[in-house]
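To keep things clear, I will list the structure first and then write my remarks on it.
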C-alpha cells in the first residue's frame, strides 16, 4: 500500500496508480488533474476498484471551472469509480 503526504510530485502518484492491482483509494481536497483522472479510468476499466473522496464541483470558486470538473467527475462515475 502506498501512502502519500502533501507533495507536488505527480510522478510518485502516477507510478503508484500504474502499479495498483486491487484497489485505489484517494482523498484529495480538490481533484482536477486530467492526467491522473485518465489513469484512474484506465485502472477501473482493468478491474481495479477506485474510490475518491473530494469536494464537490460546486465548491470551486471559479464557476467557469465547474463545468470542466463536472465533466471529469461524470467520466469517473461512468466507469464505476466511487466518488
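Points to keep in mind about this one:
- Check on residue 35, at pLDDT 90 or above and farther than 16 Å from residue 21 by Cβ: yes
- Whichever residue in the stretch 10-35 is under 16 Å from residue 80 (Cα atoms) and crowded, with 16+ Cβ neighbours inside 10 Å and, among such residues, is farthest from the chain's Cα centre (by Cα): 24
- Filter result for residue 26 (in a helix (DSSP H, G or I) and either on the phi > 0 side of the Ramachandran plot or touching a helix residue (DSSP H, G or I) at 6+ places or on another chain (Cβ under 9 Å) (or both)): no
- The set of residues in the stretch 38-72 being assigned to a helix (DSSP H, G or I) and either in contact with a strand residue (DSSP E or B) (Cβ under 8 Å, 6 or more places away or on another chain) or modelled with pLDDT of 95 or more (or both) consists of 38, 39, 40, 41, 42, 43, 44, 45.
The values are calculated or read from the model by the stated rules, or taken from the named source; none is laboratory data. Not measured: the values here are computed from a predicted model. All Cβ positions, even for glycine, are placed from backbone atoms using ideal geometry, and neighbour counts span all protein chains on display.
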